[in-house]
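Working notes, structure below.
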Amino acid sequence: MLKSFFILLIILSSLVSSPIYDISVKTIDGKSKSLADYKGKVMLIVNVASECGYTPQYAGLEVLHKKYQSQGLVVLGFPSNDFGGQEPGTNAEIKKFCSDTYNVSFALFDKVHAKGSEQHPLYKKLTSEAVPAGDIGWNFEKFLIGRDGNIVGRFKSKVTPDSKELTDAIEKALAAK
């Protein structure tokens, strides 16, 4: 009986999503970084682009970063050229644009594929385990990751960084210890 219970427990635990900490990414400067470096933090992961109608959201993301970083929020921007070719630049050009235009100080990463056959492992995990699951619709879609490394929210592009929906979710995730 006890053996059956432990087997069931193992099976059930394998069905539950696992934290994203085992995924490695590259910074915008080309250095390898493990998402495990953010253990205990709340992460807001966003696929970004420099030539999109939503590009002004960079300013709001920077405001979130500054407002909540002392409480444990990290904003992680992942440039992607998958949506309308709206991120054609090199990493150096993207970094310069973000710095010069929006004074971005939150973490930027190497350009990735957020969809398609070359989808980055991070986005495979996010799009398959978030609720609702499914492909990203456009630039500036946001995924909120709790302090435990699990996805706690998904927000479409039209949800702005200063929206009550997003800020309430961030504050709730930050309050969870």
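The values are calculated or read from the model by the stated rules, or taken from the named source; none is laboratory data. Just so it is clear, the model here is predicted, and its values are computed rather than measured. Counting neighbours? That spans all protein chains shown, and the Cβs are built from the backbone with ideal geometry, glycine included.
For the stretch 157-175, a residue qualifies if it is free of Cβ contacts under 8 Å to residues at least 40 places away in the same chain and in contact with a Gly (Cβ under 6 Å, 6 or more places away or on another chain), and exactly one does: Ala169.
Taking the stretch 150-177 on its own, how many of its residues are among the basic types (Lys, Arg), under 16 Å from Ala114 (Cβ atoms) and outside any loop (DSSP other than H, G, I, E, B)?
Restricting attention to the stretch 150-177, the residues satisfying the condition of being among the basic types (Lys, Arg) are 154, 156, 158, 164, 172, 177.
Filter once more, so that each one left must be under 16 Å from Ala114 (Cβ atoms): 154, 156.
Cutting the leftovers down to outside any loop (DSSP other than H, G, I, E, B) gives us 154.
The total comes to 1.
What residue, among those in the stretch 110-169 that are acidic (Asp, Glu) and under 14 Å from Phe78 (Cα atoms), is surrounded by the most Cβ atoms within 10 Å (Cβ to Cβ)?
To start, the set of residues in the stretch 110-169 that are acidic (Asp, Glu) comprises 110, 118, 129, 135, 141, 148, 162, 165, 168.
Then drop every residue that is not under 14 Å from Phe78 (Cα atoms), which leaves 110, 141.
Working: Asp110: 18, Glu141: 26.
Checked the stretch 110-169; the qualifying residue surrounded by the most Cβ atoms within 10 Å (Cβ to Cβ) is Glu141.
Within the stretch 72-91, restricting attention to residues that are among the β-branched types (Val, Ile, Thr) and not in a loop (DSSP other than H, G, I, E, B), the residue that is farthest from Lys142 (Cα to Cα) is Val74. Contact annotation: residue pairs with Cβ atoms under 7 Å, 6 or more positions apart or on different chains, pairing a residue in the stretch 75-89 that is without any contact (Cβ under 8 Å) to a residue 60 or more places away in the chain with a partner that is in a loop (DSSP other than H, G, I, E, B) and among the β-branched types (Val, Ile, Thr), are Phe78/Val112; Ser80/Val112.
Filtering the stretch 48-64 to residues that are assigned to a helix (DSSP H, G or I) and within 13 Å of the chain's Cα centre (by Cα) leaves only Leu61.
When Ser50 is tested against the conditions (1) farther than 18 Å from Arg154 by Cβ; (2) out of contact with any strand residue (DSSP E or B) (no Cβ under 8 Å at 6 or more places or on another chain); (3) modelled with pLDDT of 95 or more; (4) of a type in the set (Gly, Ala, Ser), the lone failure is (2).
Among the residues of the stretch 127-149, what is the count of those that are out of contact with any helix residue (DSSP H, G or I) (no Cβ under 8 Å at 6 or more places or on another chain) and either of a type in the set (A, V, I, L, M) or part of a loop (DSSP other than H, G, I, E, B) (or both)? Don't jump to the end; show me each part of the working.
Of all residues in the stretch 127-149, those out of contact with any helix residue (DSSP H, G or I) (no Cβ under 8 Å at 6 or more places or on another chain) come to 127-132, 137-139, 141, 148.
In the following step, the residues that additionally are either of a type in the set (A, V, I, L, M) or part of a loop (DSSP other than H, G, I, E, B) (or both) were identified as 130-132, 137-139, 141, 148.
Adding up the residues that qualify gives 8.
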